[in-house]
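Presented below is the structure to which this report refers.
What follows is calculated from the coordinates using simple rules that are stated; it is not laboratory data. Quick caveat: nothing in here was measured; it's all calculated off a predicted structure. Glycine also receives a Cβ, built like all others from the backbone with ideal geometry; neighbour counts cover every protein chain displayed.
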Amino acid sequence: MALMDILFWALIIWALYHLIKWLRTRQKRYIPREVKNAVLKRYFNMCAVCMENTFLEFHHRKPYSDNGDNSEQNIVPLCPKHHAMVTRYTGDKFE
Ligand SMILES: [Zn+2]
């Protein structure tokens, strides 16, 4: 019975730890609305490669994993196709 209690609390603590970790990274990767608007304006609401203007995603030129930030200079709008292409080519994680 006591062993089950310990396992139960270990599971709760493990889940909380990962939940907090996930929430923190999610917050860090969040690009502010003003930055998104400024970037879109700079690229005329188009993919920086092919001028596609629907389903745009925001690519970090310097990835988070390499201390890239959410500044306007570090973000480029890309369509899903070119976003996938760039991230595959550079070996970055999709972000
Ligand atoms: Zn494109």
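Roughly how tilted is helix 2-29, in degrees to the nearest 10 and between 0 and 90, from the longest Cα axis of the chain?
Approximately 20 degrees, to the nearest ten.
Ranked by Cβ crowding within 10 angstrom, fewest neighbours first, how are HIS82, HIS18 ordered?
Ordered from fewest to most neighbouring Cβ atoms within 10 Å, HIS82, HIS18 come out as HIS18, HIS82.
Filter the chymotrypsin sites (Phe, Trp or Tyr not before Pro) in the stretch 24-68 down to the DSSP loop ones having no more than 12 other Cβ atoms within 10 Å, then list what survives.
Sparse-neighbourhood loop chymotrypsin sites (Phe, Trp or Tyr not before Pro): TYR30, PHE44, PHE55.
Going through the stretch 1-75, which trypsin sites (Lys or Arg not before Pro) have at most 16 other Cβ atoms within 10 Å and a DSSP loop state? Before the final figure, lay out each step's value.
Working: sites: LYS21, ARG24, ARG26, LYS28, ARG29, ARG33, LYS36, LYS41, ARG42, ARG61; in loops: ARG61.
Loop-located and lightly packed - ARG61.
Just from the alpha-carbon atoms, what are the Rg and Dmax of the chain in angstroms?
For the chain, the Cα-based Rg and Dmax read 18.8, 64 Å.
State the extension gain, in nm to one decimal, for the chain segment bounded by LYS36 and VAL49, taking 0.36 nm per residue of separation less the distance between their alpha-carbons.
3.0 nm
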